[in-house]
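A short write-up of the structure that comes next.
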Amino acid sequence: MERGPEDRLEQEGGGPEAGGSEGRPAGDLLPDGSITLTGHHQGRHWRESTITDDDLSDRGGVFFAAVEMTRMPMILTNPRLPDNPIVFANKAFLDLTGYEEPEVLGRNCRFLQGPRTDRDTVRQLREAVEGHQPVSLEILNYKRDGTPFWNAVFIGPVTSPDGELVYFFASQLDVTRRRESEEKYRQAQKMEAVGQLTAGLAHDFNNLLQAIQGNHERLLGQIEAPELRRRLENAQLAAERAAKLTRQLLAFARKTRLDPKPVDLSAAVTGFADLLATTAGPRVDLQLNLRHRLPPCYVDLTHLETALLNIVLNARDAMPNGGTVTVATSRVHLNGDPPARELPPGEYVVLAVSDEGTGMPPSVVTRAVEPFFTTKGQGKGTGLGLAMVHGFLQQSRGRLEIDSEVGRGTTVRMILPVHVGEAIQEQPLRGRSEPDRPAAEAQGAPQPVVLVVEDSDEVLALAREHLAELGYHVMTASDGEEALALLQRVNYEVDLLFTDLIMPGSINGLALAEELQRHAPQVPVLVTTGYNEDLVQGVRGPGLDVLAKPYRRSELADRVRSAIRHGGSGATRRRPSDFGAAQA
């Protein structure tokens with residue numbers, strides 16, 4: 001039988017007969033099929049060796065000096081002594097583990113193991129040692145202060161010339177950062193896949209909800225019997241809760257439509273402090289620690305308020321017996337280093353919520369932003385609160401951080417980039433009572449013409465009925481190609497294009513709007529969708545307005561009337577900001 005390279009012996013210093021040593025190269029595979037620290041085997045290093053002098057007392061030679069000076073942690077264990085204790089540990093090993101030499105010598109290596117050390121990995125180590133075989137693997141060990149670290153270990157036997165096992169040599173390498181990076185990458189891939197799935201489901205679900213809610217609304221306007229109205233109102237409430245759920249899914253998937261403005265975080269928190277106090281409840285002492293003259297951040301104020309309310313609710317639920325919740329704002333400079341929270345270097349503002357609750361173990365913190373993951377009891381939470389906050393902050397070019405310790409509480413930080421410019425003060429909207437019917441009809445003018453384009457038959461029929469009742473002349477098409485042909489037949493003479501965004505075929509809502517505005521830039525366009533990815537990515541033309549599904553009849557009436565009043569891209573419009581809206 002032909003011998004492989006791993007079966008040959010290599011010698012140094014003339015081999016054992018001349019007072020040197022010999023060893024067997026690792027080759028391409030260890031007996032257990034494991035790999036080296038670098039990810040593959042290199043034939044030059046030895047997986048086992050033979051020595052002629054096993055005396056560890058003479059440490060004046062250059063090789064001992066080299067072993068003590070290297071940054072690679074190394075130890076020797078003596079299998080001839082009970083329990084195979086450590087008999088030598090270099091300085092790098094002591095630096096890695098935090099132990100002093102007297103605390104290490106005479107002990108078996110198992111003292112480095114801890115509660116989360118994998119038992120199967122320990123078994124592989126033990127079997128290799130018992131079989132006098134080399135082994136290379138990664139194991140979760142613990143430092144003297146209890147800090148866990150991933151240890152890439154290589155262990156190989158050292159024998160005498162007559163074949164007696166005299167030592168085990170072990171080298172280590174702290175690969176915690178690599179393992180954490182790999183885990184973050186896997187987590188990011190998983191979250192991206194879940195986000196794409198949930199966004200797609202939310203889009204289809206919003207079309208269904210549009211038909212359900214719209215028909216409920218129409219029936220409520222026609223039925224007067226109290227018992228029937230009560231049942232319809234209950235069904236409508238359930239549909240509204242489902243619509244809220246889809247909005248949360250889209251927020252997690254970073255595909256919700258944001259309307260960012262320069263905002264002073266401290267002023268914003270002050271503005272809805274009463275709502276925060278009401279949300280926290282009477283058993284919670286809500287304290288505000290807000291920094292004055294904080295630079296503004298560029299953020300959607302409504303989504304920020306919702307995110308803060310979600311975090312305060314979680315803080316309240318973590319303190320069943322009451323306690324203190326502190327909402328604080330601050331400023332931080334990040335320099336772009338890995339510890340700098342994986343954000344670009346620059347100035348940031350922080351909105352933090354701290355509680356005195358039960359806290360969370362690391363395993364729960366790791367999963368806290370996963371959709372539908374919750375530690376609350378049945379019916380007490382959807383598991384979408386922090387997922388929504390996480391997606392919103394990523395879309396706003398920020399970051400969500402969670403620090404928690406069991407029994408000591410939790411701090412949740414929302415980090416947002418500083419905006420170069422002045423903050424604006426949000427003013428509450430004053431409700432205006434305007435008629436649903438178009439102004440043109442009230443003045444005796446011809447009915448405005450609205451072209452409705454929608455691929456869902458149920459939603460198309462509902463929109464046609466709503467608009468016809470509101471006094472508009474309605475034309476319909478089920479896709480972009482049919483709509484374009486209809487526009488060409490009427491010479492683009494319509495008062496409004498009301499179109500779905502995502503449609504089958506080669507012409508979607510945006511492409512249809514662009515074609516219309518090439519021929520009739522004065523015609524306004526109102527886009528409706530349950531999935532705003534294209535708009536979030538900035539693929540929007542001038543004069544476009546967006547109505548999110550599911551919408552109410554009153555919302556449709558208001559947005560159609562407003563779009564017709566203000567005209568299309570040919571009308572005078574505000575000059576867009578040089579910086580544009582925030583994007584993830």
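General remarks:
- Each residue in the range 485-501 was checked for being farther than 13 Å from Val523 by Cβ and open to solvent by 30 Å² or more (accessible area, probe 1.4 Å), and 3 pass.
So that you can scan it fast, the table gives a plain yes or no per residue for (1) closer than 18 Å to Ala152 by Cβ; (2) within 42 Å of the chain's Cα centre (by Cα):
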position: Ile75; (1), (2): yes, yes
position: Phe111; (1), (2): no, yes
position: Val122; (1), (2): yes, yes
position: Ala128; (1), (2): yes, yes
position: Gly131; (1), (2): no, no
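- All positions within the range 132-154 that are open to solvent by 10 Å² or more (accessible area, probe 1.4 Å) and touching a residue at least 60 places away in the same chain (Cβ under 8 Å): Gln133, Leu137, Phe154
- Test: Arg291 is at pLDDT below 85 and not aromatic (Phe, Trp, Tyr): no
- Residue check, Leu526 at pLDDT 80 or above, under 30 Å from Gly391 (Cα atoms) and touching a strand residue (DSSP E or B) at 6+ places or on another chain (Cβ under 9 Å): yes
- Residue check for Glu422: open to solvent by 80 Å² or more (accessible area, probe 1.4 Å) and either at pLDDT 80 or above or touching a strand residue (DSSP E or B) at 6+ places or on another chain (Cβ under 6 Å) (or both): no
- Of all residues making up the range 68-90, the number that are without any contact (Cβ under 8 Å) to a residue 24 or more places away in the chain and either part of a strand (DSSP E or B) or open to solvent by less than 40 Å² (accessible area, probe 1.4 Å) (or both): 4
- Filter result for Thr302 (more than 30 Å from Arg177 (Cβ to Cβ), of a type in the set (Ser, Thr, Tyr), at pLDDT 85 or above and not assigned by the TED database to the domain that holds Pro148): no
- For Leu105, the conditions (1) open to solvent by less than 40 Å² (accessible area, probe 1.4 Å); (2) out of contact with any helix residue (DSSP H, G or I) (no Cβ under 9 Å at 6 or more places or on another chain) are fulfilled apart from (1).
- Which numbered condition Asn321 fails, given (1) modelled with pLDDT of 90 or more; (2) more than 24 Å from Arg293 (Cα to Cα); (3) of a type in the set (S, T, N, Q): (1)
- Selected residue (only one of Ala65, Ala128 is assigned to a helix (DSSP H, G or I) and modelled with pLDDT under 90): Ala65
- Leu220 passes every criterion in (1) open to solvent by 20 Å² or more (accessible area, probe 1.4 Å); (2) modelled with pLDDT of 80 or more apart from (2).
- Subset tally (residues that are of a type in the set (S, T, N, Q) and open to solvent by less than 50 Å² (accessible area, probe 1.4 Å)) for the range 300-318: 1
- Given (1) modelled with pLDDT under 85; (2) touching an Asp or Glu at 6+ places or on another chain (Cβ under 7 Å); (3) open to solvent by 20 Å² or more (accessible area, probe 1.4 Å), number of the condition Pro338 does not satisfy: (2)
- Note on the range 453-484: among residues that are free of Cβ contacts under 8 Å to residues at least 12 places away in the same chain and closer than 20 Å to Ala563 by Cβ, the one that is least open to solvent (accessible area, probe 1.4 Å) is Ala468.
- For Pro296, the criteria (1) within 15 Å of Ala273 (Cα to Cα); (2) open to solvent by 10 Å² or more (accessible area, probe 1.4 Å); (3) modelled with pLDDT of 90 or more hold in every case but one, which is (1).
- Test: residue in the range 75-86 that is modelled with pLDDT of 90 or more, charged (D, E, K, R) and within 20 Å of Gly146 (Cβ to Cβ): no
The values are calculated or read from the model by the stated rules, or taken from the named source; none is laboratory data. Please read all numbers here as calculations on a predicted model, not as lab measurements. Methodologically, a virtual Cβ is constructed for each residue, glycine included, from the backbone with ideal geometry; neighbour enumeration extends over all protein chains shown. These accessible areas exclude ligands, DNA and RNA; they are computed on the full protein's heavy atoms, side chains included. Shrake-Rupley method; radii C 1.70, N 1.55, O 1.52, S 1.80 Å.
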